Amino acid sequence: MKINCIIIDDEPLARKGLAEFVAEIDFLELKGLGENALAANNLLSQHTIDLIFLDIQMPKMTGIELLKALKQKPMIIFTTAYSEYALQGYELDVLDYLVKPISFERFLKACNKAKEFYAFKNTNPDSNPKTADYFFVKCDNGYEKIMYDDLLYIEAMENYVKVHTPIKKLVIYLTFKSLADSMPASKFIKVHKSFMVAIEKVTAINGNELKIGKDSIPISRTMKDEVMEVLIKNKLLKR
């Protein structure tokens, strides 16, 4: 398995250092380097790119602006000298956020996260959620099988997610968006920017909260109409 990547950074020394790091990792294949958003677009048009190591502060167009403009988004790892952008980066579902100067150890950790997500994204289609009744996620040093019918809800926790089942909670180093997007829409619904719930596990609706067992899950105001439509459509008994 090879992950095709590019490096976009306006600093020549930063590009060189990252390229040297990439060369040390056997599952990465560097397809090009660029100094700005235009170079990134050119590389994306020439190659199938799975991962971008993307600087934020660049001339004319920042890395964040580039990311927002992309229709098809590869995995993104921000590489920047500015730690204050970290929260915004996670809100954009970037895979990781590396603050310069970047150590090889920290770089490798981010790349391993990309490898796990790449494997998850490319193996789960073989067990199509529309037909299969389970999926696998990597936890600690192994893989955990999760039955869709056992899943209560998914909770976003910055750069990882917590999966809740009746008997355990699993911490998974994937973005909330990546895991939520893989869930079958017939069984699960996103009710908040940080929560997705199993439709059949909802036991009550109280104001702006759902009840699942003993847990209370917030409903976003912007999503409440859609959530109510899905949960009670054709299921509300009246006098």
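Dipole of the chain, Cα-centred, from +1 at each Lys and Arg C-beta and -1 at each Asp and Glu C-beta, to the nearest 20 debye?
In total the dipole reaches around 1040 debye.
Set the Förster radius R0 to 25 Å, insert the Cβ-Cβ distance between LEU108 and GLN46 as r into 1/(1 + (r/R0)^6), and round the FRET efficiency to 0.05.
Calculated transfer efficiency: 0.40.
Go ahead and run the numbers for FRET between ASP149 and MET1, Cβ-Cβ distance against an R0 of 25 Å, rounding to 0.05.
Plugging the Cβ-Cβ distance into 1/(1 + (r/R0)^6) gives 0.25.
Which aspartates and glutamates have a Cα lying under 18 Å from the Cα of LYS235, excluding residues fewer than 8 positions away in the same chain?
By straight Cα distance, LYS235 reaches GLU200, ASP225, GLU226.
Calculate for the chain the 222 nm mean residue ellipticity that helices alone would give, adding -39,500 (n - 2.57) per DSSP H run of length 4 or more and normalising by residue count, nearest 500 deg cm²/dmol. Spell out each step's value before the answer.
Values: 7 runs with 71 residues, N = 239.
Calculated at 222 nm, the ellipticity per residue is -9000 deg cm²/dmol.
Step through the residues of region 193-208 one at a time and calculate ³J(HN,Hα) from phi using the Karplus curve (6.51 cos²θ - 1.76 cosθ + 1.60, θ = phi - 60°), rounding each to whole Hz and writing x for Gly and Pro.
After applying 6.51 cos²θ - 1.76 cosθ + 1.60, I find 4, 10, 9, 10, 10, 7, 4, 6, 8, 6, 9, 6, 10, 10, x, 9 Hz.
Which loop-located trypsin sites (Lys or Arg not before Pro) does region 8-89 contain, where loop means any DSSP state but H, G, I, E or B and the Cβ has at most 12 other Cβ atoms within 10 Å?
When the trypsin sites (Lys or Arg not before Pro) of region 8-89 are filtered for loop state and at most 12 Cβ neighbours within 10 Å, LYS60, LYS71 remain.
Would you work out which of ILE77, ILE219, TYR173 lies farthest towards the positive end of the dipole of the chain? Charges go on Cβ: Lys and Arg +1, Asp and Glu -1.
It is ILE219.
With a probe of 1.4 Å, find how much accessible area the chain has per residue, and write the answer as a whole number in Å². Each step should come with its number before you reach the end.
Values: 13570 Å² over 239 residues.
That works out to 57 Å² per residue.
For the chain, which longest stretch is free of loop sites, where a loop site is one of the GluC sites (Glu not before Pro) that DSSP puts outside H, G, I, E and B and that has at most 16 other Cβ atoms within 10 Å?
Between the exposed loop sites, the longest stretch runs 25-157.
Taking square-rooted eigenvalues a ≥ b ≥ c of the alpha carbon gyration tensor, is the chain rounded, prolate or oblate, where a/c under 1.5 means rounded and, failing that, a/b exceeding b/c means prolate?
prolate
The values are calculated or read from the model by the stated rules, or taken from the named source; none is laboratory data. No experiment lies behind these values; they were computed from the predicted model shown. Backbone-built Cβ (ideal geometry, glycine too); neighbour counts: all protein chains shown. All accessible areas refer to the heavy atoms of the entire protein, side chains included, with ligands and DNA or RNA removed. Shrake-Rupley method; radii C 1.70, N 1.55, O 1.52, S 1.80 Å.
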